[in-house]
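One structure below.
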Amino acid sequence: MSQTLGLIFIIIGLAFDVFGCLGLVRLPDVYNRLQAATKCVTMGTCSILFGTFLTVGFSAAGMKALMCIVFLVLTTPVAAHAIARGAHRSGVALWRSSVVDQYAEDREGEN
Amino acid sequence: MSPKIILFLFAFIVWCLFSWVPDGAHLLGGIVVALIVAFMMGDLVIQRPHLMLHPGRYVNFIFLYVPVFLWEVLKANIDVAYRVVHPELPINPGIVKVKTSLQSDIALTLLANSITLTPGTMSVDIDKDKSVLYIHWIDVRSSDIEAATRIIVERFEKTLRKIFEEGNKE
């Protein structure tokens, strides 16, 4: 039973990872790509890890998978945040059809 | 309880989970490592130890914050998958400014993390002095500060304030 459930979670995770990678290729600029990469890849990978935990149970590998979920959820957004901030500060422009950029408006006087 | 004791317990539990299944040698090593970590970093990591003693905060965290967070993460993934697979790429991106009333570091960190993992939004920068967050929004529905704040921030702000800030005077 838990084997089947684990496999289902792993397959869902793989599907979302694929969507995340597709987003990396299809979306136009670094910020949109980061959106796809952080959201889909975080949940996809967490889902794969949770499936692994269900498959192997409370063994050494299962506990490490659970801990990795916690660390992934805590650290991926921070990394994305750092990359986006760094990209904007070093002058990477938004996609040409972007609607607003209030960050650039507020930072104009500082540089 | 002093921050060092709390950090010692926390580090020791994390160590035990990583070296599952616990046995004598691992536990002994864990005590030594957790002591060193707690001695070096205790006052840096935990700044308001009295907040750790309220069981209500843990209950709020597990039953109010975590379910909303998981549901939003699921919605975010389906949203991104839809946008990526759609042949015309229905995106309308931009960076908007939102206000927050949270003050403490941990609450702001969790708010920014939650915003990054929820549908269509990603935090780019934070200005703590002005209480302003800059959010990259994949489908901008309003560039007005008040309206954007209502849509993006308020889902989590109330819960996080209840968990990390109320009763902070002691």
Discussion item. Among the residues in region B:53-75, are any at the interface with chain A (Cβ under 8 Å from one of its Cβ atoms) and closer than 19 Å to B:Arg150 by Cβ?
Written reply: no
Item to complete: Evaluate region B:98-105: report whether one residue or more is at the interface with chain A (Cβ under 10 Å from one of its Cβ atoms), within 25 Å of B:Leu51 (Cβ to Cβ) and not charged (D, E, K, R).
Response: no
Discussion item. Scan region B:21-34 and tell me whether some residue there is surrounded by 15 or more Cβ atoms within 10 Å (Cβ to Cβ) and in contact (Cβ under 8 Å) with a residue 24 or more places away in the chain.
Written reply: yes
Practice prompt. Answer yes or no as to whether A:Arg85 is touching a helix residue (DSSP H, G or I) at 6+ places or on another chain (Cβ under 7 Å), basic (Lys, Arg) and either surrounded by 16 or more Cβ atoms within 10 Å (Cβ to Cβ) or facing chain B (nearest Cβ under 8 Å) (or both).
Written response: no
Discussion item. At pLDDT 85 or above, closer than 21 Å to A:Val73 by Cβ and in the same structural domain as B:Gly120 (by TED's automatic domain parsing): which single residue out of B:Val66, B:Val85 fits that description?
Written reply: B:Val66
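The values are calculated or read from the model by the stated rules, or taken from the named source; none is laboratory data. The model shown is predicted, which means the values in this text are computed figures rather than measured ones. Quick reminder, even Gly has a Cβ in these numbers, built from the backbone with ideal geometry, and neighbours come from all protein chains shown.
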